[in-house]
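The structure appears below as structure tokens.
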Amino acid sequence: MAMLEVNNLKTYFRILKGTVYAVDGVTFHLDRGETMGMVGESGCGKTTTAFAITRLLPFNGEIVGGEIVFDGTLIGRADFPTELAEILKEPLWLPETRALVERKLRKLSGPEEESSTLESMRHLEQESACVEDVNVTLNDASLSEEEIKGELEAIVDDELNSFFAKRRRRRFDREIEEKMADIRWSKISMIFQGAMNAFNPVYKVGDQIVEALLEHEDMTKDEAKERVLELFDMVGLERSRVTGYPHEFSGGMRQRAIIAMSLACNPQLIIADEPTTALDVIMQDRILGEIRELQRELHIAMMIITHDISVVAEVAETIGIMYAGKLFEFGDIVSIFEQSANPYTIGLTGAYPSIKGERKKLIAIPGSPPDLSEPPHGCRFHPRCKFAQEICRREEPASVEVAKNHWSLCHFAKEIYSGQLT
Amino acid sequence: MEAVEEEREDVESEEGVVYKVVNLTKLFPIKSGFFASLFGKEKNVHAVNDVNFTIGEGEILGMVGESGCGKTTCGRCLVRLETPTEGHMYFGGKDITGLKGRELKSFRRDVQMVFQDPYESLNPRLNVYTTVSEPLVVHGVGESADERDDMVAKALQYAELKPPEEFMYRYPHELSGGQRQRVAIARTLVLRPRFIVADEPVSMLDVSIRAGIMNLMLSLRERYKIPFLFISHDVSVTRYMSHSIAVMYLGYIVELGASEAVIKDPLHPYTEALLSAVPVPDPTMKHGRVKIKGDLPSPIDMPPGCVFHPRCLYRKDICDKEMPQFKEARPGHYALCHFAGELPIQRPDDEEIFEVGVCEYCKATIKKGMSYAKCDCNKLYHESCASQLDECPICKKKLQVEE
Ligand SMILES: Nc1ncnc2c1ncn2[C@@H]1O[C@H](COP(=O)(O)OP(=O)(O)OP(=O)(O)O)[C@@H](O)[C@H]1O
Ligand SMILES: Nc1ncnc2c1ncn2[C@@H]1O[C@H](COP(=O)(O)OP(=O)(O)O)[C@@H](O)[C@H]1O
Ligand code: SF4
Ligand code: SF4
Ligand SMILES: [Mg+2]
Ligand SMILES: [Mg+2]
Ligand SMILES: [Zn+2]
Ligand SMILES: [Zn+2]
């Protein structure tokens with residue numbers, strides 16, 4: 001089992017005019033000590049994925065499907081009625097409901113499955129009555145499709161609003177939240193997008209890291225102070241800077257201080273959202289180099305989120321390419337760069353200039369990314385895809401494993417991978 | 001360097017040269033406290049220092065450098081949104097450095113600037129038609145409303161917003177980032193400018209859209225032979241866009257030459273470091289890293305001698321004493337360095353990597369051929385760093401320089 005497993009994660013935002021389908025069925029995993037790059041254009045759901053993993057979603061955001069397992073502990077999951085409620089709104093609700101119910105029943109009946117954990121089992125058992133109800137309704141031959149849907153909606157409505165179910169859900173949420181509070185910072189730490197302003201301007205930088213340490217680690221104030229000095233050494237900041245205020249730090253120094261903060265509690269995983277985007281190339285190169293060295297030394301896994309595919313090419317072993325809330329391609333970085341199985345990835349790499357080799361003509365992808373409150377039907381990339389066929393407008397593609405450790409979300413993944421389609 | 005004279009002096013128009021910049025300098029005085037201004041010498045931000053270049057017919061000159069090195073200020077001088085402190089600028093052979101009043105207005109009709117942020121450069125309350133036709137109104141161009149409509153429609157078409165009617169009455173919030181940047185470009189094109197400064201025009205755009213805007217600008221240049229100054233902090237983007245490249249550092253152009261020459265065979269130690277830091281979109285390529293010392297100094301207290309000497313790996317005795325010449329080390333390829341053309345510079349396509357390691361003291365690269373000390377604990381130190389240290393700070397052994 002990988003250290004971090006994200007299975008079919010769906011995270012939506014509720015807004016006035018409806019729902020933003022920000023992350024919509026994302027599956028990937030990350031091993032110990034491994035670096036994964038998550039790339040994608042602005043607004044495609046990268047930050048939301050990171051917030052879902054760390055349970056730091058804003059109030060209007062909610063995990064509505066899938067689960068997140070870290071080191072064998074369930075740290076994120078939507079419960080059955082919530083997930084079903086979302087599925088029932090989709091045009092393909094029937095097969096998706098069947099798939100969901102089958103999955104749940106398999107987990108309930110079978111012994112330990114790949115990513116199921118004790119906690120998720122316990123939670124599942126509490127849901128089992130509802131799953132059973134849904135299953136019976138689905139297989140009731142006397143009902144028409146319309147009637148089935150009506151019944152299911154009633155069951156879901158009941159579950160979501162019943163007093164006991166609500167209380168159960170709250171308790172479960174609280175349990176996960178408590179677990180996550182232990183894990184956040186001490187095992188998973190996060191470098192936020194725009195973190196240049198992460199420090200409070202009125203307190204000394206060193207004191208702020210000491211505070212964070214005291215909160216999460218069992219140590220005395222003197223030990224924490226000593227640890228901060230060590231951390232400053234580690235990231236190449238002069239020890240004398242611990243008494244400095246944030247405004248006295250340059251952009252690069254602030255970024256180093258933030259990295260020091262993220263390393264404070266010896267995490268096993270760092271999620272870094274655009275850690276170098278605001279920096280100049282020379283500083284970016286330095287910081288990336290330092291992150292990589294520390295990571296190797298301390299054997300930390302890392303998820304680097306960025307819109308710059310060349311940054312990922314420099315540092316990562318695996319890559320995930322996101323578009324419009326979906327993971328279009330995921331796997332080994334060399335395999336994906338050398339033999340992509342996805343039209344969006346091919347489009348993205350073809351639009352990237354380089355200083356190496358010959359100057360080659362760049363090809364733009366026509367159009368622009370969709371508004372995620374109204375994503376296109378079928379494959380979300382179809383309005384811009386040069387390979388698009390009739391089926392792409394109609395049906396959502398499934399993820400295909402084209403080679404070992406290489407997945408692509410496309411109806412023609414195999415043909416593109418093998419070069420039959422170019 | 002002479003001060004800008006009131007009297008203008010035009011130069012012989014050189015064949016094919018549209019813009020000629022001679023010793024351009026722009027200082028911004030710092031408003032310091034009363035006492036400081038009484039006792040101290042007045043301080044300045046040296047935004048642009050003694051810059052020289054020419055831009056030919058239909059040429060795109062790319063300008064790269066780190067944040068704050070003076071790219072935008074230089075561009076603003078060229079369209080006279082800023083008045084230079086010293087030096088001269090000749091547009092079509094005519095000295096436009098000190099233009100005022102009506103002459104300045106007519107000059108501004110011929111030169112246009114495209115800005116970085118497509119979200120801020122358009123007024124959210126004006127629709128596309130009003131935005132694009134505004135320059136026509138300001139400059140009193142076009143006899144009738146019909147003629148102006150026609151000019152706006154054409155400009156939108158040039159910017160590949162087709163059909164123009166579909167876009168004319170939209171507001172910025174109804175456009176995507178790429179479309180907004182196209183509107184900004186249409187606005188600069190409507191007056192048929194003879195020169196365009198594009199300041200980071202694609203930096204805020206997503207990759208998939210960025211390539212479209214870059215190709216649009218290239219095709220405009222192709223079709224109408226409009227020369228550009230293309231400003232960007234992104235070296236890969238600048239290489240794609242430009243015929244020649246100027247590399248700026250602390251307000252100075254430290255290297256200037258044909259685009260491929262500067263990228264493939266750089267002369268200046270700063271360019272070497274800059275190029276080696278550029279990430280490459282290919283996970284199988286390893287490239288030599290050349291790390292320089294320290295951080296960018298402030299443009300207020302400029303280093304004496306060569307501006308790059310505090311960070312340079314190749315620095316010699318002369319470097320902090322004498323200002324180097326802008327030397328033509330190869331035909332048409334200049335560098336501001338005493339040793340331009342003589343240094344073993346790492347090139348982006350070099351297979352061989354000249355890096356021996358990183359100096360434990362100054363964190364900069366130690367390259368092959370440099371003298372350095374290797375301590376028993378395997379740490380490396382530049383010769384100069386070792387002599388400052390005397391003993392290894394890690395294991396406290398005495399350092400011996402080898403090679
Ligand atoms: N109006 C001004 N008054 C004072 N200083 C200024 C002014 N405009 C620019 N500067 C300073 O001049 C220097 C060069 O600035 P400029 O905006 O030209 O840099 P740049 O190369 O365009 O940077 P960036 O890549 O961040 O856009 C900087 O130190 C800047 O702070
Ligand atoms: N709090 C929120 N409320 C509503 N929509 C949101 C919120 N945060 C993000 N979104 C939307 O979710 C989508 C994904 O956003 P985000 O994860 O920030 O993308 P990225 O990090 O890839 O740029 C976008 O369409 C964005 O507008
Ligand atoms: S499924 Fe169809 S539209 Fe989507 S990426 Fe593949 S070919 Fe293109
Ligand atoms: S003049 Fe000296 S300090 Fe300046 S770049 Fe050349 S070698 Fe380096
Ligand atoms: Mg983001
Ligand atoms: Mg600028
Ligand atoms: Zn050194
Ligand atoms: Zn030693």
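The values are calculated or read from the model by the stated rules, or taken from the named source; none is laboratory data. All of these numbers come straight from a predicted model, not from anything done at the bench. Note: ideal-geometry Cβ built from the backbone for every residue, glycine included; neighbour counts use all protein chains shown. Ligands, DNA and RNA are stripped out before the accessible areas are found, and what is left, the full protein with its side chains, is counted by its heavy atoms. Shrake-Rupley method; radii C 1.70, N 1.55, O 1.52, S 1.80 Å.
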Given (1) open to solvent by 60 Å² or more (accessible area, probe 1.4 Å); (2) among the charged types (D, E, K, R); (3) within 21 Å of B:GLN181 (Cα to Cα), number of the condition B:LYS94 does not satisfy: (3)
B:CYS375, sole failed condition from (1) within 11 Å of ligand 8 (Cβ to nearest atom); (2) free of Cβ contacts under 8 Å to residues at least 24 places away in the same chain: (2)
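Name the one entry in A:ALA129, A:ALA141 that is closer than 11 Å to A:PHE80 by Cβ and surrounded by fewer than 16 Cβ atoms within 10 Å (Cβ to Cβ). Full working, then the answer.
On the way: A:ALA141 fails: closer than 11 Å to A:PHE80 by Cβ.
That would be A:ALA129, the only listed residue that is closer than 11 Å to A:PHE80 by Cβ and surrounded by fewer than 16 Cβ atoms within 10 Å (Cβ to Cβ).
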Considering residues of the stretch B:262-282 that are of a type in the set (A, V, I, L, M, F, W, C) and at the interface with chain A (Cβ under 7 Å from one of its Cβ atoms) only, the residue farthest from B:TYR249 (Cα to Cα): B:VAL280
Residues being open to solvent by 20 Å² or more (accessible area, probe 1.4 Å) and not polar (S, T, N, Q) - total across the stretch A:257-288: 8
Residues of the stretch B:54-69 classified as open to solvent by less than 10 Å² (accessible area, probe 1.4 Å) and away from ligand 4 (no atom under 16 Å from the Cβ), total: 7
Qualifying residue in the stretch B:228-241 (condition: assigned to a loop (DSSP other than H, G, I, E, B) and at pLDDT below 90): no
Filter result (over 19 Å from A:GLN420 (Cβ atoms), open to solvent by 50 Å² or more (accessible area, probe 1.4 Å) and more than 7 Å from every other protein chain (Cβ to nearest Cβ)) within the stretch A:328-384: A:ASP332, A:GLU358, A:LYS360, A:LYS361, A:PRO366, A:GLY367, A:ASP371, A:GLU374, A:HIS377, A:PRO383
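Is it the case, given these coordinates, that B:LEU220 is of a type in the set (A, V, I, L, M), at the interface with chain A (Cβ under 10 Å from one of its Cβ atoms) and open to solvent by less than 30 Å² (accessible area, probe 1.4 Å)?
Numbers: of a type in the set (A, V, I, L, M): yes; at the interface with chain A (Cβ under 10 Å from one of its Cβ atoms): no; open to solvent by less than 30 Å² (accessible area, probe 1.4 Å): yes.
So B:LEU220 does not fit the description; no.
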Count of residues meeting criterion [under 16 Å from the mean Cα position of the chain (by Cα) and at the interface with chain B (Cβ under 9 Å from one of its Cβ atoms)] in the stretch A:266-311: 1
Condition broken by B:MET285, with the remaining ones in (1) among the hydrophobic types (A, V, I, L, M, F, W, C); (2) open to solvent by less than 20 Å² (accessible area, probe 1.4 Å); (3) in a loop (DSSP other than H, G, I, E, B); (4) within 14 Å of chain A (Cβ to nearest Cβ) satisfied: (2)
Residue count, the stretch B:196-215 (criterion: open to solvent by less than 20 Å² (accessible area, probe 1.4 Å) and facing chain A (nearest Cβ under 7 Å)): 5
Candidates B:CYS362, B:CYS337, filtered to the one that is more than 14 Å from chain A (Cβ to nearest Cβ) and either away from ligand 6 (no atom under 16 Å from the Cβ) or modelled with pLDDT under 90 (or both): B:CYS337
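Among the candidates A:CYS392, A:CYS379, A:CYS410, which residue alone is closer than 30 Å to A:LEU16 by Cβ and in contact with a helix residue (DSSP H, G or I) (Cβ under 8 Å, 6 or more places away or on another chain)?
A:CYS379
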Odd one out for B:ALA186, checked against (1) under 30 Å from the mean Cα position of the chain (by Cα); (2) more than 26 Å from B:TYR19 (Cα to Cα); (3) buried (at least 22 other Cβ atoms within 10 Å of the Cβ): (2)
Tally of residues being more than 14 Å from chain B (Cβ to nearest Cβ) and either open to solvent by 10 Å² or more (accessible area, probe 1.4 Å) or within 21 Å of B:GLY68 (Cα to Cα) (or both) across the stretch A:242-256: 5
Single residue of A:THR11, A:THR97, A:THR48 found to be away from ligand 4 (no atom under 16 Å from the Cβ) and part of a strand (DSSP E or B): A:THR11
